[in-house]
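See structure below.
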């Protein structure tokens, strides 16, 4: 009982340390509202485990960006890793976020946070995993996947959080399920979840939301798939 109480207190403290940073980094443009999920979140009322998951989701939020192509199509991407030697950052997202661009033969998109934006190039995309990686000629802060080995291994029944971009986009939370070798997670079905990182309770990224079903069921591609297809690990 004493250990549980201490854990809850620590998680609560971490959350309140994270919250001010989120307020400072929250986007100010209308872009976030265009892809915002409902203002409620499935992380409420989960006790100590829920508070810890919300804390790590809050930290991950500072690494998420709105990805926008032509025609206003939007989704989420997150800073995965950087290459300081040539000033390049790499953003991982869902291929479905940039599919319209690929169909037009274009590979230029924008990555946005608040009132700032950066041009990006679709560097690689993989139809099998549903993943795409963007490159930007600038070094951004707080990569979520700095080293290939730093990733959580998704498992059936694991409690995870989805972290979409945008100040009004709510975290999603649920238990991973599997069907025919693919992972799924029940969400609200908002487009902001496309390309969003899925984080485990230890703060590591486990996967990326690559598809959204009509019933709100999100397909999650594990980072192991990204390692084989869009990043040389």
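Every number in this text was worked out from the coordinates using simple rules, so none of it is lab data. Treat the numbers as computed from the prediction; the structure is a model and nothing was measured. Heads up, the Cβs are rebuilt from the backbone with ideal geometry, glycines too, and the neighbour counts pull from every protein chain shown.
A crude spin-label estimate for the pair residue 178 and residue 123, with each label 7 Å from Cα along the Cβ direction, gives 2.9 nm. By the beta-carbon count within 10 Å of each Cβ, the least crowded to most crowded order of 182, 83, 113, fewest first, is 83, 182, 113. Fewest neighbouring Cβ atoms within 10 Å first, the residues 63, 188, 135 line up as 135, 188, 63.
Computed from the C-beta positions of residue 215 and residue 138 and an R0 of 45 Å, the FRET efficiency is 0.70 to the nearest 0.05.
The ranking of 142, 85, 95 from fewest to most other beta carbons within 10 Å of each one's beta carbon is 85, 142, 95.
Let me check against my output: what whole-number percent is the relative contact order of the range 143-209, with C-alpha pairs under 8 Å and at least 6 apart? Working shown, then result.
Details: 115 pairs, mean separation 24.2, N = 67.
For the range 143-209, the relative contact order is 36 percent.
Residues of the range 191-230 with an amide N closer than 15 Å to a point placed 7 Å from the Cα of residue 168 along the Cα-to-Cβ direction: 191-193.
Under 8 Å for C-alpha pairs, at least 6 residues apart: give me the relative contact order for the range 65-136, rounded to a whole percent.
31 percent
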